[in-house]
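First up is the structure itself, then whatever we jot down about it.
The values are calculated or read from the model by the stated rules, or taken from the named source; none is laboratory data. Quick caveat, the model's predicted, so the values are computed rather than measured. Cβ coordinates were reconstructed from backbone atoms using ideal geometry, including for glycine residues, and neighbour counts include every protein chain displayed. We work out accessible area using only protein heavy atoms, side chains counted, and drop any ligands, DNA or RNA first. Shrake-Rupley method; radii C 1.70, N 1.55, O 1.52, S 1.80 Å.
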Amino acid sequence: MSGAADTGARGAGAAGAPGGSRLRVRTVEIRPGAVVLIDQVALPQEERYVICRTWREVADRITDMTVRGAPAIGVTAAGGVALAAAEAAASASDPAAFEAALEQAASGLLATRPTAVNLRWALDEMRAAWRAALATPGATPAGVAQTLLARAQAIHDDDVDRCLRIGEHGAALFKAGDRILTHCNAGALATAGYGTALGVIRSAAAAHPDVSVWVDETRPWLQGARLTAWELQVEGIPYRLISDNMAGYFMRRGEVDGVVVGADRIAANGDTANKIGTYSVSVLAREHGVPFYVAAPLSTVDLTIEGGDAIPIEERDPAEVTTFRGEQVAPEGAPARHPAFDVTPAANIDAIVTEAGVLRPPFGPALAAACGGGECRP
Ligand code: MRU
């Protein structure tokens with residue numbers, strides 16, 4: 001882990017957050033010369049912010065999970081390209097060298113985490129923006145750098161907007177008193193704000209204050225216990241934390257009315273990669289007749305991949321399984337595996353909630369139509 005970034009503390013509920021009082025967390029902020037991230041490794045014990053000033057610092061912070069969650073890493077990477085452009089504008093000798101520096105940054109950022117397609121989506125958006133700007137007569141590297149800063153900020157704001165729409169569409173799937181189970185963190189912390197699965201829960205809770213949430217702890221990184229529980233607590237939405245192996249117990253007792261999770265990549269047929277353990281939850285939900293929903297922006301859809309078997313699954317350090325926050329919990333030298341994501345087959349999914357509406361099976365045609373027949377760029 002390179003520790004080159006500055007850190008600083010600020011209060012939760014950052015003033016001026018897009019979406020007004022409905023958003024309490026400023027996950028990523030893209031400023032001239034800086035990308036500011038809430039430190040998701042330190043949460044919930046400490047609320048601190050990390051300031052990245054180069055694209056390499058941004059890449060390090062994505063790799064080490066300071067920022068995580070599919071849309072959030074896409075938005076952050078866009079901010080990384082804006083930093084690369086500012087740096088290259090000051091040093092590159094000609095437009096070709098400037099563009100080569102941007103390509104180097106984009107490929108370095110893309111290499112950080114392989115599963116969430118939002119990362120590639122955001123970098124493709126930035127590449128399209130720099131190519132268009134460089135092709136403009138009279139373009140200067142400094143001018144292109146300004147354009148890329150504005151584009152990254154627009155990608156950020158657009159993600160918040162998509163999440164708000166996902167929340168509105170998805171809330172209609174739930175009714176008063178529902179007990180909703182979620183896995184991992186697909187909240188404001190995993191996006192530019194509001195969240196996808198947690199956005200649906202936020203909107204459902206706003207409509208029905210007696211809605212409550214089962215929060216899977218989500219071993220080994222504990223995104224549920226540390227991050228989802230923190231978000232719900234800050235917001236006063238009732239929740240109960242359970243370890244991952246308890247979901248079946250509560251479903252069998254009839255205490256789970258629905259499941260909603262986020263996604264890292266949705267293949268053209270609707271197969272969905274999400275945090276490891278999601279597949280098991282989907283199998284349990286199917287067995288117990290509990291509706292299982294995926295909530296994601298269309299930037300998570302990868303129409304170039306037909307089915308889930310082709311989705312690249314990140315394998316992380318097995319030490320993250322054999323240890324807990326640096327403390328050994330398995331015998332010294334215990335062999336382990338650590339796939340960070342799994343794929344839930346489309347057959348186990350009742351609906352995919354997107355900013356364009358609630359999609360129902362068969363997902364192939366529904367996704368193709370929502371994506372405008374080709375690119376998921378509504
Ligand atoms: O490894 P992480 O914490 O980046 O994994 C996050 C998830 O799997 C989320 O559920 C997914 O990215 C959706 S976030 C809106």
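Okay, here's what the table says:
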item	result
Number of positions in segment 179-225 that are open to solvent by 10 Å² or more (accessible area, probe 1.4 Å) and more than 16 Å from the ligand (Cβ to nearest atom)	8
Tally, over segment 264-305, of residues that are touching a strand residue (DSSP E or B) at 6+ places or on another chain (Cβ under 6 Å), of a type outside the set (A, V, I, L, M) and closer than 18 Å to PHE363 by Cα	12
Output for segment 263-285, where each listed residue is open to solvent by less than 20 Å² (accessible area, probe 1.4 Å) and of a type in the set (S, T, N, Q)	THR272, ASN274, THR278, SER282
Unique residue being in the same structural domain as GLU57 (by TED's automatic domain parsing) and in contact with a Lys or Arg (Cβ under 7 Å, 6 or more places away or on another chain) when the list is LEU134, LEU123, LEU119, LEU148	LEU119
Hey, ALA268 in contact (Cβ under 8 Å) with a residue 24 or more places away in the chain, within 30 Å of GLU125 (Cα to Cα) and in contact with a Leu (Cβ under 6 Å, 6 or more places away or on another chain) or not	yes
Of the criteria (1) more than 16 Å from the ligand (Cβ to nearest atom); (2) under 14 Å from the mean Cα position of the chain (by Cα); (3) aliphatic (A, V, I, L, M), which one VAL117 fails	(1)
Test: residue in segment 124-135 that is among the aliphatic types (A, V, I, L, M), away from the ligand (no atom under 16 Å from the Cβ), part of a helix (DSSP H, G or I) and in contact (Cβ under 8 Å) with a residue 60 or more places away in the chain	no
Residues of segment 239-256 that turn out to be open to solvent by less than 60 Å² (accessible area, probe 1.4 Å) and farther than 21 Å from VAL321 by Cα, as a count	6
Enumeration of residues in segment 272-288 that are more than 20 Å from ALA190 (Cα to Cα) and assigned to a loop (DSSP other than H, G, I, E, B)	HIS288
Filter pass, LEU181 being more than 23 Å from GLU314 (Cβ to Cβ), part of a loop (DSSP other than H, G, I, E, B) and touching a residue at least 40 places away in the same chain (Cβ under 8 Å)	no
Residue list for segment 48-91, restricted to those being at pLDDT below 95 and within 19 Å of the chain's Cα centre (by Cα)	none
Failed condition for TRP130, given (1) more than 17 Å from the chain's Cα centre (by Cα); (2) of a type in the set (Phe, Trp, Tyr); (3) open to solvent by 20 Å² or more (accessible area, probe 1.4 Å)	(3)
One residue from TRP214, TRP230 being modelled with pLDDT of 95 or more, under 28 Å from ASP64 (Cα atoms) and either part of a helix (DSSP H, G or I) or β-branched (Val, Ile, Thr) (or both)	TRP230
Criterion (of a type in the set (Asp, Glu) and over 22 Å from the mean Cα position of the chain (by Cα)) met by exactly one of ASP158, ASP178	ASP178
Test set (1) in contact with a helix residue (DSSP H, G or I) (Cβ under 7 Å, 6 or more places away or on another chain); (2) in a helix (DSSP H, G or I); (3) within 16 Å of the ligand (Cβ to nearest atom) - VAL160 fails condition number	(1)
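Yes or no, residue by residue, for (1) within 16 Å of the ligand (Cβ to nearest atom); (2) out of contact with any Asp or Glu (no Cβ under 8 Å at 6 or more places or on another chain); (3) open to solvent by 40 Å² or more (accessible area, probe 1.4 Å); (4) modelled with pLDDT under 95:
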{"residue": "GLU287", "(1), (2), (3), (4)": "no, yes, yes, no"}
{"residue": "PHE292", "(1), (2), (3), (4)": "yes, no, no, no"}
{"residue": "ALA295", "(1), (2), (3), (4)": "yes, yes, no, no"}
{"residue": "GLY307", "(1), (2), (3), (4)": "no, no, no, no"}
{"residue": "PRO318", "(1), (2), (3), (4)": "yes, yes, yes, no"}
{"residue": "GLY326", "(1), (2), (3), (4)": "no, yes, yes, yes"}
{"residue": "ARG337", "(1), (2), (3), (4)": "yes, no, yes, no"}
{"residue": "ILE349", "(1), (2), (3), (4)": "yes, yes, no, no"}
